[in-house]
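The values are calculated or read from the model by the stated rules, or taken from the named source; none is laboratory data. Since this is a predicted model, take the numbers as computed values, not measurements. When we count neighbours, we look across all protein chains shown, and the Cβ atoms used for this are built from the backbone with ideal geometry, even at glycine.
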Amino acid sequence: MTARIVVDAMGGDNAPQEIVAGALMAAGGLGVELTLVGRIDAIRAEMEGTTEIAGLRIVDAPDVIEMDEHPTDAVRSKPNSSINVGLRLVKNGEADAFVSAGNTGAAMAAALLTLGRIRGIGRPALGTVFPTGDNKLTMLLDVGANADCRPIHLVQFAYMGASYMERAFALTKPRVGLLSIGEEDSKGNQLTIEVNQALRGSRLNFIGNVEGKDLTKGVCDVVVMDGFTGNVVLKTAEGMAELMFGELRKAVELTPWNRAAGLVLMSELRKVKRRLDYTEYGGAQLLGVDGVTVIGHGRSNARAIFSAIRAARDAVNNGVIETLREVAKEIPAKKGLQGATETDEE
């Protein structure tokens, strides 16, 4: 079955130019059916001179939710925004997944309002894959959907992250870690101590606490944290990667000898840069809503949009939503992390 992906053409700092360019790349190379949602005139202007592409259509959405608008207010006051229209296509069965690099809060709010939560999930989480040693990937979640969390939320994130990595990357019993300030079970704040205890008693392959320095070592396949911490971790990593390559570029240009050495190493340096580049990993999956939703970086370029569409396609083809629905039936709920039957759906 060919995955049908809706792309928010108006979302992001570089919309619609980079969004349309990324979609055209995907239409030609990923074997998907694409729907670009947004202001028709703006989309067509970016496609001027492009030959007709099979499996690509445009759906009009006259309103745009800007990056600085209040998420919930904008979602409710602009029902014909590209975010709302795109998600309704998924809800109505006209598409299998939604991709947006627009207002993250608005995309999450609209996904919850339109698609709803998977039954049994208290709060959705944003999960993104992170490059680690030995050419491996680790999923970090939550990286921004929930600034304040209860223990039950992080436990549910762990189940969702493990299920995603098992399904999407064919990992057997993915190793789950909990981000804390020390490896000992007693280290951390009250939240992490309670989550540690709960995960110790779960069926998951929980390896214990991991520290920030361990994230790049590939010690586990899933790392769980609250959304405030996760967002800081993610943006710090992005900043450090940019700093490292900026300083390396300066060093290479410092002397003729350095430039010569840089030319010799150029192909290997490009490989490293590509591996650390966020545009290669397709944004973050909003796990827990009842439909595949991928939210890209606000400054996504065409390559990042291509990668986000690829991530959405893979999630559809791997049956991630169906897997999460099954997993949700056994996830602990709010009345306690042992034997609970009622889900926290606040």
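Data for the structure
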| read-out | value |
| --- | --- |
| Residue match in the range 282-297 (condition: outside the structural domain of residue 93 (by TED's automatic domain parsing) and modelled with pLDDT under 90) | yes |
| Within the range 12-45, considering residues that are among the acidic types (Asp, Glu) and closer than 23 Å to residue 104 by Cβ, the one modelled with the lowest pLDDT | 13 |
| Count of residues meeting criterion [within 23 Å of residue 88 (Cα to Cα), buried (at least 16 other Cβ atoms within 10 Å of the Cβ) and not β-branched (Val, Ile, Thr)] in the range 43-73 | 6 |
| Residue match in the range 155-173 (condition: surrounded by fewer than 20 Cβ atoms within 10 Å (Cβ to Cβ), over 23 Å from residue 323 (Cα atoms) and in the same structural domain as residue 218 (by TED's automatic domain parsing)) | no |
| Given (1) at pLDDT below 80; (2) outside any loop (DSSP other than H, G, I, E, B); (3) not hydroxyl-bearing (Ser, Thr, Tyr), number of the condition residue 237 does not satisfy | (1) |
| Residue in the range 164-175 that is within 21 Å of the chain's Cα centre (by Cα), closer than 19 Å to residue 138 by Cα and of a type in the set (Gly, Ala, Ser) present | yes |
| Among (1) more than 16 Å from residue 142 (Cβ to Cβ); (2) surrounded by fewer than 21 Cβ atoms within 10 Å (Cβ to Cβ); (3) at pLDDT 90 or above; (4) not basic (Lys, Arg) - the single one residue 232 does not satisfy | (1) |
| Members of the range 67-111 that are out of contact with any helix residue (DSSP H, G or I) (no Cβ under 8 Å at 6 or more places or on another chain), at pLDDT 95 or above and among the hydrophobic types (A, V, I, L, M, F, W, C) | 85, 89 |
| All positions within the range 216-229 that are in contact with a helix residue (DSSP H, G or I) (Cβ under 7 Å, 6 or more places away or on another chain) and surrounded by fewer than 21 Cβ atoms within 10 Å (Cβ to Cβ) | 216, 217, 218 |
| Of residues in the range 186-229 being over 23 Å from residue 148 (Cβ atoms), β-branched (Val, Ile, Thr) and not in a helix (DSSP H, G or I), the one modelled with the highest pLDDT | 207 |
